[in-house]
Amino acid sequence: MNRKFSQQLNLISDLIKTKLGNNLISIILIGGYGRDEGTFFLKNKTISLVNDIDLVIISHRSMSKSILKQLMDQAAKIIKPDTQYVHEKYCPIDFHVDLFNFKKKDLSGFKPSQFSLDLKYASQVIYGNKNILRLIPELKAENIPVNDGLMLLHNRVLSLLEAYQSGQSEWIYYFSLKAIIDSSVAILIKEKQYSPYHKLRMTALKKLKPQSLAIFQRYAAKRYLIKSSDLINYKKHWSIARKVLLETLDQYPHSFLARLRPSSIDKIKQTAVRLLKSLPLKIQPLHSQKQIHQIIDAWKRSSWE
């Protein structure tokens, strides 16, 4: 973790401490940055965080959604003062902070999921009780629901659509990396062999998908630092990412997909997948712009409700 990022996390922790007071127990950094696998942009000799950071707040009492949103907006501006990101509706891609809140007494009831395994085994407590995660019971990857992998793939479908619409090389390249890396994660979840740790994931993939290992390794190695020179062939990377993502989606059993309850969000996801399949290989930012805008807006609104 570089010094500037550490200082920014301290400022965010102070913001949360001020807001919650004695209700706060711990703050935990999760996701790529929590695993020390986060991505940074290098531009004009300046290093910056990419897309978002994820933090878990453990408290005695639940936080309201309005307080969480307020803290997310304020925390994002600590890192990127001019961010235009809006959580609950369509907006341009920009840096943001995602906060998750759990009560201390909730931890003992955590069930296996990609999120809970990452939280327990591959995160960093940046404030408060350093032993708080011991309250989460032992979790096994073989018990993660297959639906976790499917949800991850659908999120990457949305990301590729957002990047396509933006027409911005850095976002198209970054979300292409994410789509390929998370396709490998979804394969491991389906095969009951997920691990929060990169090296163990690659070892498992070597046995499961030896023919695909090279592409997963190549793109995973690119994720740590994105330079301007990496963006030259960004359109090619997007096309490769779409192919890998859609092929991975096809590996999920049709019988499983048919059992999903057809909620409004499921219908949005199905529309998003069909649109991703239909987009031309040559990126045209204005192509299907209205459709993509509507899908992203509906998806974010449904997720926020």
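All of the numbers you see were taken from the coordinates with simple rules; none came from a lab. Note that the structure is predicted; figures quoted are calculated from it, not measured.
Some notes on this structure:
- Percent of beta bridges antiparallel (DSSP, the stretch 3-139, rounded to nearest 5): 65
- Above-threshold pairs, the threshold being 24 Å between Cα atoms, out of Lys19/Lys69; Lys19/Lys105; Lys222/Lys243; Lys103/Lys269; Lys192/Lys235: Lys103/Lys269; Lys192/Lys235
- When you restrict to C-alpha pairs under 8 Å that are six or more residues apart and normalise by the size of the chain, the relative contact order lands at 20 percent.
- Relative contact order %, the stretch 3-139, counting alpha carbon pairs below 8 Å whose residues are six or more apart: 31
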